Amino acid sequence: MSAFGKRLREARQAAGWSLRELSARVHYNTGYLSKIENGLRPASVELAKRCDAELGTTLAQLIPPSVPRSMQRPAPRQLPAHDPRIVDRADDIQALDDMLDSDRMTIAVLSGTAGVGKTTLALHWAHRIQHRFPDGQLYAAMRGFGAQPPLEASRVLRAFLQDMGVAPQAIPAEEDERAAMFRSLLADKQILVVLDNVRDSDHVQSLLPGSSGCAVIITSRDRLDRLVALEGAQRRTLELFDVGTSRELLSMRLGKEAVTAEPRAATELAKLSAGLPLALSIVASRVNKGFQTPLQCLVDELTDTRLDGLDLGETLDLRTVFSWSCERLSPTAARMFRLLGMFPGPDISAHCAAALAGTDAGQARRDLTELVRAHLLSELRPGRFGFHDLLRVYAAEQAAREESTQDAVGRMLDHYLHTALSGDKQLYSNQSALVTDPPVEGARPMELTDYPNTLRWFDEEHHSLMACVQLAAEQGWDDHAWQLPRALAGFLRLRGHWQDWVNTQRIALRTAKRIGNQGAQADAHRLLAQAYHNLCEYSETVHHAEHAIDLYGRLGDRTGEALAHRHLAWTYHEKTDYERAMAHHRQALALFRWSNHRLGEASSLNGLGWTTAHLGDHQAALGLCEQALRIADQLRDKHMQAAVLDSLGFIYRRIGSLGRAAEHYRQAIAGFSELGSSYFEALSLNNLGDVQQAEQDRAGAAESWTAAKAILDYLRHPKAAEVAAKLS
């Protein structure tokens, strides 16, 4: 326990407060505060000051003054870049400014048709007023309208909470609990929240802060009447530009000289664009000022090449406008635009775009920059690019018409597969690697070289990776449809994305059965057994593990057999059938030793020790686990070290050495926390609480159980109810 944590606990207990009461007063999650008190997290200056204000302490003096400011979490500054120039929105801006005069929280709704400039105005105003919100600005593209499903509010809340400093494992599982935590964190802050492209009122109900110091800007094609009626939101509907305003926008984009020189043509262009800023901006980007293209030529070209579909009225066909703009692109940028229409994820990096196009990252960045300048693509955040939904539809149409997509999809899938395999090796360095064909030419997978950046890559690409598994299955990329889920299993386990794990392995199993790949079937059965064991669905675990053992046996894969026996052993242990658990542990150990699988040997020794302790032979259990720890230390495998430390904690507790038990549990918690292994961190916290209860440290036990429950709630794990029963 750190000096800060000890002093904080003493002061809190002297005040007669529970951890929950302190949490309510300082607006930090109980699980996070528990880790501070137990010395498992460093305290920030901000937390120390809040505790001092509530408890009358001087805890801030314990924070070393030499800690660089760069190590303190900065306020979130998430507003995307914007063009500071804006045309004839003075009345709209004044209306928005007037909304801020209210004494209560501002909820400003910008509604209007697609392409009318809602996002442009929202970002312009947000940048204009951001100085009034010193605690930060949060932004989310909600994907309310478009080819992809809307972004769930629960996922946005999770991202916002992490951006506000909440540890991932401390975030609740349920949306309403996340919303409550979000409101608590923002209760005394001045933060601006921008929610772009919202589907309806329900889409953002849980994302609204409760503080009068905050403001929310929402854009939507929907009027959001219920939000206006029930939440006091104030709506501003953006109208289409009239001809004069459209000419003004063209002047800003092209220069006054061009518009003055051809007033009739400029007026005709304004009419053809139907007053939509999106269309006007794309039309303007079509003009090559170096060649002084006459505006009348643009009018003639637009009139002569009118197409059906994507039609917003008699005056405009957006397909024509889009095609017109694409014709002025460099060949590589035009091809990149088309290929991006095939990408299944919500946004893309330059590295993946390079793979899609079969080029290098430098060329991909140049092409992406050209598309951004042509208003055909947006840089949603540094290094991540995405489409307006209308442009995505058009790009996909063009790709289907003009591109041979097979090679591009193959490069993209290989890029993700081999980068994920590189990352999986970083997460589990002693794990057997999946053997695959080498990546195709142009896939350019990334070489992930350290643990933190590996987790960051997986987190950023999570949704795109899930979409690629689905795409591979739907389009007949059979090897990728089972190999990619295999490469993702370790990450999904660490982060607790249980449903994604089950869904992807089901796809892998279906594909492997269809193509008759027994090895892939065995792997999918085994990984499903592991997932279902972690979800406490033990009948499913037994079903899949037994299928895996049968298949591995036929294939002569002794390591695979051993891994499946291990899942059965742990499952029978959880069902308190200790004799059957011991039998499967022994089978696994023999097979691991036969195949010289040292990590598996350590795992089986640890399992034997764990179950032996439950059978009452504590000295034998201690010897088995100490053997396991020696192997884990030799392999420098942090996952196994933490697992064995947890087992040793249990054995020392059974022996009656509570101090040593608590120390081993704390070491296990620290190890799992460092690895981001949330589920096992929660189990060790729960076990530490049991020891603290036995030591008559009821307050400490409650805090450990509270932290464990917060993680298990976040993981939607059934063991949360077991921990909750202890707290009650």
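The values are calculated or read from the model by the stated rules, or taken from the named source; none is laboratory data. All of these numbers come straight from a predicted model, not from anything done at the bench. All Cβ positions, glycine included, derive from the backbone under ideal geometry; neighbour counts span all protein chains shown.
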Residues that are aromatic (Phe, Trp, Tyr) and under 19 Å from Leu465 (Cα atoms), drawn from segment 488-544: Phe491, Trp498, Trp501
Candidate set: segment 634-657, residues that are of a type outside the set (S, T, N, Q) and not in a helix (DSSP H, G or I); chosen: the one surrounded by the most Cβ atoms within 10 Å (Cβ to Cβ): Asp637
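Consider Glu460 carefully, then state whether it is in a helix (DSSP H, G or I) and surrounded by fewer than 19 Cβ atoms within 10 Å (Cβ to Cβ). Can you show your working first?
Values: in a helix (DSSP H, G or I): yes; surrounded by fewer than 19 Cβ atoms within 10 Å (Cβ to Cβ): yes.
So Glu460 fits the description; yes.
Looking only at segment 386-441, filter to residues that are part of a helix (DSSP H, G or I) and polar (S, T, N, Q); which one of those is surrounded by the fewest Cβ atoms within 10 Å (Cβ to Cβ)? Outline the logic, then answer.
Let us first name the residues in segment 386-441 that are part of a helix (DSSP H, G or I), namely 389-402, 405-427.
In the following step, the residues that additionally are polar (S, T, N, Q) were identified as 398, 405-406, 419, 422, 426.
Details: Gln398: 20, Thr405: 18, Gln406: 10, Thr419: 26, Ser422: 18, Gln426: 19.
It comes out as Gln406.
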Search result, residues across segment 307-334 that are buried (at least 22 other Cβ atoms within 10 Å of the Cβ) and modelled with pLDDT of 90 or more: Ala333
Qualifying residue in segment 559-577 (condition: of a type in the set (Lys, Arg), part of a helix (DSSP H, G or I) and surrounded by 17 or more Cβ atoms within 10 Å (Cβ to Cβ)): yes
Cβ pairs under 9 Å, 6+ apart, first in segment 333-349 and touching a residue at least 12 places away in the same chain (Cβ under 8 Å), second assigned to a loop (DSSP other than H, G, I, E, B) and β-branched (Val, Ile, Thr): Met336/Thr359
Flag if His618 is closer than 21 Å to Leu527 by Cα and surrounded by 15 or more Cβ atoms within 10 Å (Cβ to Cβ): no
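Which count do you get for residues in segment 242-270 that are within 43 Å of the chain's Cα centre (by Cα) and either under 19 Å from Val116 (Cα atoms) or charged (D, E, K, R) (or both)? I'd like the intermediate steps shown before the answer.
The first filter runs over segment 242-270 and keeps only residues within 43 Å of the chain's Cα centre (by Cα), leaving 242, 245-255, 269-270.
Next, only the ones that are either under 19 Å from Val116 (Cα atoms) or charged (D, E, K, R) (or both) stay: 242, 245-253, 269-270.
The total comes to 12.
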Residue that is modelled with the highest pLDDT, among those in segment 120-160 that are small (Gly, Ala, Ser), closer than 11 Å to Asp196 by Cβ and under 15 Å from the mean Cα position of the chain (by Cα): Ala140
Qualifying positions in segment 162-178 - surrounded by fewer than 21 Cβ atoms within 10 Å (Cβ to Cβ) and either among the β-branched types (Val, Ile, Thr) or without any contact (Cβ under 8 Å) to a residue 40 or more places away in the chain (or both): Gln162, Glu175, Asp176
Segment 269-305, subset more than 15 Å from Ser251 (Cα to Cα) and charged (D, E, K, R), residue modelled with the highest pLDDT: Asp300
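Test Pro452 against the stated conditions and say whether it is of a type outside the set (Asp, Glu) and either assigned to a loop (DSSP other than H, G, I, E, B) or at pLDDT 90 or above (or both). It would help to see each step written out before you state the result.
Details: of a type outside the set (Asp, Glu): yes; either assigned to a loop (DSSP other than H, G, I, E, B) or at pLDDT 90 or above (or both): no.
No, not satisfied.
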Extreme residue, modelled with the lowest pLDDT, among residues of segment 227-268 that are buried (at least 16 other Cβ atoms within 10 Å of the Cβ) and in contact with a Gly (Cβ under 7 Å, 6 or more places away or on another chain): Leu240
Residues of segment 104-154 satisfying the condition of being part of a loop (DSSP other than H, G, I, E, B), among the aromatic types (Phe, Trp, Tyr) and within 22 Å of Phe387 (Cα to Cα): Phe145
